[in-house]
1. Within the set of pairs 6 or more residues apart or between chains, which connect a residue that is within 26 Å of Pro39 (Cβ to Cβ) inside segment 82-93 to a residue that is part of a helix (DSSP H, G or I) and of a type in the set (S, T, N, Q) with Cβ atoms less than 8 Å apart?
2. Looking at this structure, is Thr124 of a type in the set (S, T, N, Q) and within 17 Å of the chain's Cα centre (by Cα)?
3. How about segment 178-195: which of its residues are open to solvent by less than 60 Å² (accessible area, probe 1.4 Å) and at pLDDT 90 or above?
4. Restricting to segment 1-16, and then to whatever is assigned to a helix (DSSP H, G or I) and either within 23 Å of Ser145 (Cα to Cα) or charged (D, E, K, R) (or both), can you tell me which residue is most open to solvent (accessible area, probe 1.4 Å)?
5. Working only within segment 148-177, note down all residues that are open to solvent by 20 Å² or more (accessible area, probe 1.4 Å) and of a type in the set (Gly, Ala, Ser).
6. From the list Ser84, Ser145, Ser103, Ser137, which residue is at pLDDT 95 or above and surrounded by fewer than 17 Cβ atoms within 10 Å (Cβ to Cβ)?
7. If only one of Gly207, Gly222 is surrounded by 17 or more Cβ atoms within 10 Å (Cβ to Cβ), of a type outside the set (Asp, Glu) and out of contact with any Phe, Trp or Tyr (no Cβ under 9 Å at 6 or more places or on another chain), which one is it?
8. Given the structure, is Glu193 in contact (Cβ under 8 Å) with a residue 60 or more places away in the chain, out of contact with any Ser or Thr (no Cβ under 8 Å at 6 or more places or on another chain) and of a type outside the set (S, T, N, Q)?
Amino acid sequence: MSLRHRPMRPKDVAECARIIASHSVIGPRYGSAIADLRPAWLRVLHSESKRAVVIEEVNGSQATICFVGVSVFVGDDFVREIKSSPLFWFGPQLATRIMRGDSPLLSDRQVREANSCGGLTMITWEGCIHPDFEKHSEIYRMIISLFIEEHRGYLWKEVIASQMESLERLQWTIKTGGLLWQPEYGRYIESLEMDPREFIRKPHIVGMTKEIERRRPGSWVGALFDYRPPQIGFSRSEQRLLLSALSGRTAEELSNDLGVSGSTIKNTWRSIYNRAASRLPGLFLDDSQADGRVSERGKEKRRHLLAYLRDHPEELRPVSQALLRQAADQQQRSRS
């Protein structure tokens, strides 16, 4: 079984929505709102407030989507609403509200600002395996690493899991650090006070906050709350190119992915190298240490830069440079 993952594309959305609709547990939760799912995902697919990925099984030239994962960054009002009694299935509500023009998702500017100061709340809208692939353990291992890869480097204040469709999924989520929200108490708790099967049959919330993780370090999901402010300050167009380059895309594929010319790709790389060298002077070898050929020096720079970015995903997340500078100035004044 050969698996690969990639960002969800517009042409994938119809099939991804069908996977949700056909799921024996998740689909019925949507009711009539299932008609809103496909257009809602298309409407927000390229916004900064959404992360959307698919896992495919590849057989020769054929690829079949076997997992769809969608997470969104939402405002505090919606978070308070979904955590108040009576709890409700938030997936259908997200689809319906987006289509009626009452989206709880943050705007691109709000994402940049919250990711620079205050923090973001992420809700996993859906994480659904195609029924034909539910018995393949390899998919579950990839889902774990993919979730970390997609969400590291953000300034999180709360992370809320998708609402569980099975007892096994609930047990796995709790094992990896998720806590159970009790609206009666207004807080997360560690142990269930009812039969787990009854718990997943009703609307529920499983999540984790930054404050709780500070008091209970060591969980798998807690690693998401480790955050360092970016040092380089790439522009958003530079970040988009780098995100594609990290997946091993060629120059031609980068041009197709981003919808720009080859010369624009070259100019963007030049801007990226200049910016990185000015902010982190020790990142690249100097010319005396590198191979004399220009092409080889370029390959070495790219290799060093991509290796750095794999360890520092915060450099590729949307931020407000003005707010980051203000925060740095305030920290410096507090030390003096």
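The values are calculated or read from the model by the stated rules, or taken from the named source; none is laboratory data. No experiment lies behind these values; they were computed from the predicted model shown. Glycine gets a Cβ as well: all are built from the backbone with ideal geometry, and neighbour counts include every protein chain shown. Surface accessibility is based on the protein's heavy atoms, side chains included, excluding ligands, DNA and RNA. Shrake-Rupley method; radii C 1.70, N 1.55, O 1.52, S 1.80 Å.
1. Ile82/Gln93
2. Answer is yes for this residue.
3. Let us first name the residues in segment 178-195 that are open to solvent by less than 60 Å² (accessible area, probe 1.4 Å), namely 178-183, 186, 188-189, 192.
Listed by number, the residues that qualify are Gly178, Leu179, Leu180, Trp181, Gln182, Pro183, Gly186, Tyr188, Ile189.
4. At the first step, the residues of segment 1-16 found to be assigned to a helix (DSSP H, G or I) are 10-16.
Applying the additional criterion that residues be either within 23 Å of Ser145 (Cα to Cα) or charged (D, E, K, R) (or both) yields 11-13, 15-16.
Details: Lys11: 160, Asp12: 10, Val13: 1, Glu15: 60, Cys16: 0 Å².
Among them, the one singled out is Lys11.
5. Matches in segment 148-177: Ala161, Ser166.
6. Working: Ser145 fails: at pLDDT 95 or above; Ser103 fails: surrounded by fewer than 17 Cβ atoms within 10 Å (Cβ to Cβ); Ser137 fails: at pLDDT 95 or above.
On inspection, the qualifying residue turns out to be Ser84.
7. Gly222
8. no
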